[in-house]
Amino acid sequence: MPQLQVTLETVTPLFLGGADGRSAELRPSSFRGALRFWLRALLGAHIGNDLEELRRQENTVFGSTSGASPVVVRTFPLALPEPEAIRIDYRVNPGMMYLLWTTSRPVRTAFPAQQTRFRLVLSTRPGCHQQIAIPAFQRAAGALWLLVYLGGIGTRSRRGLGSLRVVSVDGWPDGLPAVEPTNEGLSYDLERGIAQLQEHLGLVPTSNVTRPVPFDILHPDVCSIYVRTGPTPLWANWKEALESIGHDLSSARKRQPPDYDIVKDVLEHRTPTGPMERAAFGLPMQFYYRSLHRNYTEKLLRQQPNL
């Protein structure tokens, strides 16, 4: 029975909500959900916009309400410190506050960075036919590769929290890119690794992708990956990293052109000049137009003068 054991360590604080939604708890279901996301990113680039086929192939790996998954996901704590609250002074660390504000209202606890280690184990379900279990196991391992290199786990994982690094690995499937980084650099590892994943798993991107896609996919027509470069090390610790990233993201979100004019075109029933650039950083986004507000108020008063 194939089995993959990966020892992981937190790079940034890990917020995994327990039964009460606030206290930290290490749960296999959280990792299964994250692995589903990255598997969809792989499958979607190959399948295109066929959601029914995407769900069918996803369910062959991680199961559905009508059938059990051929892949078992388990977690085992190795070094699990007492969860702690991450308290941020917005006057000192506005970048971190921008990224992590949802974790402080109300205050939630997290497993600390660089102190938390656990083992993630993927295995095939006993009794499952090998012709079904082995391909599913390999696709699940491919999703794990993407989770480690591109993602995170838990609350605010798209804002820098829950990042993980591989400490050791045992049972990594042949043919998949190595989960440990090489000396060639992150850009090389990502480009080579994603291409190797797609080729080995038979998920080479299709030429038939219609925009907009209904979910995130790793397709060159709709996805770009940027690697920040600079002096080594870029930051002394995770707090400096998140403060810097939070500052840059906040500045980008506040920049008005061209999104300000594009949204105004839509509101005034004109053809927009292009897509919203900052939508890539998440929605919703708020816009206020003084002229439109004044026109709307005057129109409303004319229609209902007693207001």
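Across segment 44-68, the number of residues qualifying as buried (at least 20 other Cβ atoms within 10 Å of the Cβ) and in contact with a Phe, Trp or Tyr (Cβ under 9 Å, 6 or more places away or on another chain) comes to 3. Residue check: D50 meets all listed conditions (1) without any contact (Cβ under 8 Å) to a residue 24 or more places away in the chain; (2) in contact with a Gly (Cβ under 6 Å, 6 or more places away or on another chain) but one, namely (2).
I'd like to verify a number: residues in segment 280-301 that are without any contact (Cβ under 8 Å) to a residue 12 or more places away in the chain, under 19 Å from D216 (Cα atoms) and in a loop (DSSP other than H, G, I, E, B), how many? Break it down stepwise before answering.
So in segment 280-301, the residues without any contact (Cβ under 8 Å) to a residue 12 or more places away in the chain come out as 280, 283-284, 286, 288, 290-291, 293-301.
Right, trim to under 19 Å from D216 (Cα atoms) and you get 280, 283-284.
Filter once more, keeping what is in a loop (DSSP other than H, G, I, E, B): 283-284.
Residues flagged as without any contact (Cβ under 8 Å) to a residue 12 or more places away in the chain, under 19 Å from D216 (Cα atoms) and in a loop (DSSP other than H, G, I, E, B) within segment 280-301 amount to 2.
Would segment 266-279 turn up any residue that is under 24 Å from G160 (Cα atoms), free of Cβ contacts under 8 Å to residues at least 24 places away in the same chain and not charged (D, E, K, R)? Yes - at least one qualifying residue is present in segment 266-279. Can you give me the number of residues within segment 250-260 that are in a helix (DSSP H, G or I) and surrounded by 11 or more Cβ atoms within 10 Å (Cβ to Cβ)? Looking only at that region, the number is 6.
Answer yes if at least one residue in segment 89-101 is outside any helix (DSSP H, G or I), in contact (Cβ under 8 Å) with a residue 40 or more places away in the chain and open to solvent by less than 10 Å² (accessible area, probe 1.4 Å), and no otherwise.
First, the residues of segment 89-101 that are outside any helix (DSSP H, G or I): 89-93.
Remaining after also requiring in contact (Cβ under 8 Å) with a residue 40 or more places away in the chain: 93.
Okay, now just the ones that are also open to solvent by less than 10 Å² (accessible area, probe 1.4 Å), so none.
There is no residue in segment 89-101 that is outside any helix (DSSP H, G or I), in contact (Cβ under 8 Å) with a residue 40 or more places away in the chain and open to solvent by less than 10 Å² (accessible area, probe 1.4 Å).
Among the residues in segment 105-116, are any at pLDDT 90 or above, farther than 17 Å from T155 by Cβ, in a helix (DSSP H, G or I) and not aliphatic (A, V, I, L, M)? There is no residue in segment 105-116 that is at pLDDT 90 or above, farther than 17 Å from T155 by Cβ, in a helix (DSSP H, G or I) and not aliphatic (A, V, I, L, M). Among the residues making up segment 203-218, those that are touching a residue at least 60 places away in the same chain (Cβ under 8 Å) and either open to solvent by less than 70 Å² (accessible area, probe 1.4 Å) or small (G, A, S) (or both) are L203, P205, T206, V209, V213, F215, I217, L218. Criterion first (touching a strand residue (DSSP E or B) at 6+ places or on another chain (Cβ under 7 Å), open to solvent by less than 50 Å² (accessible area, probe 1.4 Å), in contact (Cβ under 8 Å) with a residue 24 or more places away in the chain and not hydrophobic (A, V, I, L, M, F, W, C)) does G160 satisfy it? Taking the combined requirement at face value, the residue does not satisfy it.
Would you confirm whether any residue within segment 261-277 is part of a helix (DSSP H, G or I), at pLDDT below 80 and open to solvent by less than 80 Å² (accessible area, probe 1.4 Å)? No, segment 261-277 contains no residue that is part of a helix (DSSP H, G or I), at pLDDT below 80 and open to solvent by less than 80 Å² (accessible area, probe 1.4 Å). Checking D221, D170 one by one, the residue that is modelled with pLDDT of 95 or more, open to solvent by 20 Å² or more (accessible area, probe 1.4 Å) and among the acidic types (D, E) is D170 and no other.
Right, A113: in contact with a Pro (Cβ under 6 Å, 6 or more places away or on another chain) and within 30 Å of G67 (Cα to Cα) or not? Spell out how you get there, then give the answer.
Numbers: in contact with a Pro (Cβ under 6 Å, 6 or more places away or on another chain): yes; within 30 Å of G67 (Cα to Cα): no.
When the stated conditions are applied, A113 does not pass them.
Report whether or not H247 is surrounded by 12 or more Cβ atoms within 10 Å (Cβ to Cβ) and closer than 30 Å to R55 by Cα. No: the conditions fail for H247.
The values are calculated or read from the model by the stated rules, or taken from the named source; none is laboratory data. These numbers were taken from a predicted model, which means no experiment stands behind them. When we count neighbours, we look across all protein chains shown, and the Cβ atoms used for this are built from the backbone with ideal geometry, even at glycine. Heads up: the accessible areas ignore ligands, DNA and RNA and are worked out on the full protein's heavy atoms, side chains in. Shrake-Rupley method; radii C 1.70, N 1.55, O 1.52, S 1.80 Å.
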